[in-house]
Amino acid sequence: MDLKTIGPVFAERTFDLVGKRQKLVVKIGKPKRFRGGGGFYCPFQFRGGGVNRIRYAGGVDAVQALQLAMERIGVDLRHFAPPLTWDAGMDGDLGFPTPEDRLVSPQVATALEDGMRKALKHVRSRAKALRQLTDRELSDVIYRLNDARIARIAKLRRRR
């Protein structure tokens, strides 16, 4: 489904881009029923900092669609460069959940996040040094690293 607008805005949050005089605004639209039934979707938009992207998450009802939209926003924000801050955020917390937040304790999540940051820092330094990776390739690497992290979390959960 290709959305041109999110419709009525349900909620929004404004982030500052660290080291820049720009803002990123995340707007969440009111959940809506899919055409033809079969569940609901919740649209959201990233705007600012050179980005204007509309996405959505779907669920069996409006509440699940909203929950999954919040998680998808959380995942997308973690991969946003440059880093983001907001008024109530502390220690990199952007105020949006991610799927792995439901899988592990906050301590394990923090340890995994620290490992991801180190890996991303290494990837970015290599990319800058070699000047070979495009933004798209770097984004693909980041998403692959995130998938690997989620797989490690699932493996830890199975061991319990």
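The numbers here are math on the coordinates, done by the rules we state, and not lab data. Since the structure is predicted, the reported quantities are computational estimates derived from the model, not experimental observations. Neighbour counts are summed over all protein chains in view; Cβ atoms, including those assigned to glycine, are modelled from backbone coordinates with ideal geometry.
Quick one: Karplus J couplings for segment 117-123, per residue in order, coefficients 6.51, -1.76, 1.60, θ = phi - 60°, nearest Hz, x for Gly and Pro?
For segment 117-123, the Karplus-derived couplings read 4, 5, 5, 5, 4, 5, 4 Hz, x marking Gly and Pro.
Please rank Arg72, Arg53, fewest neighbouring Cβ atoms within 10 Å first, as an exposure proxy.
With the sparsest Cβ surroundings first, the list reads Arg53, Arg72.
Mind checking the full-extension length gain between Phe10 and Val75? Use 0.36 nm per residue of separation minus the Cα-Cα distance, one decimal, nm.
The span from Phe10 to Val75 would gain 21.4 nm if fully extended.
For the residues Glu113, Glu12, Glu100, what sequence is obtained by ranking on other C-beta atoms within 10 Å, fewest first?
Fewest-to-most ranking of Glu113, Glu12, Glu100: Glu12, Glu113, Glu100.
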